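This report concerns only the one structure given below.
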Amino acid sequence: MSTDTQVEAENPTIDGIVLTDGAATKVKSLLAAEGEATDYQLRIAVQPGGCSGLRYQLYFDDRKLDGDVVKDFSGVEVVADKMSYPYLSGATIDFVDTIEKQGFTIDNPNATGSCACGDSFH
């Protein structure tokens, strides 16, 4: 198996979006903490805002919108709306837990730059 194939097998994609195993595990634990909220999916969206023009939103959502792209990652459904998806193709969603930072990160090859705070991109 080639290295590229191994990466694909370890990190399935949602039409180009990758959710790492660490991020999937964290999402599962957050959903479990919600108790009976089993119909929720992790929605990733790109919205206008921030000092660089666009910002990410990650949140749990139980809505189904026309044109949504949905993919299951080890029991975690990830959803991207049809307007956000072009900005997200190739992006990797991960969860980091280090002494410096804790939270979800998005590595997006489509972002040509970001602000100093790292909360928005263009």
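The values are calculated or read from the model by the stated rules, or taken from the named source; none is laboratory data. What you see is a predicted model; the values in this text were computed from it and never measured. Neighbour counts run over all protein chains shown; Cβ positions are idealised from the backbone, glycine included. We work out accessible area using only protein heavy atoms, side chains counted, and drop any ligands, DNA or RNA first. Shrake-Rupley method; radii C 1.70, N 1.55, O 1.52, S 1.80 Å.
A few remarks follow.
- Region 19-105 - percent of accessible surface contributed by carbon and sulfur, probe 1.4 Å: 50 percent
- In this structure region 19-105 gives 58 Å² per residue of accessible area when probed at 1.4 Å with all protein chains present.
- Spatially proximal lysines relative to residue 101 (Cα-Cα < 18 Å; intrachain offsets below 8 disregarded): 26
- In this simple spin-label model, placing a label point 7 Å from the Cα along the Cα-to-Cβ direction at both residue 77 and residue 39 gives a separation of 1.0 nm.
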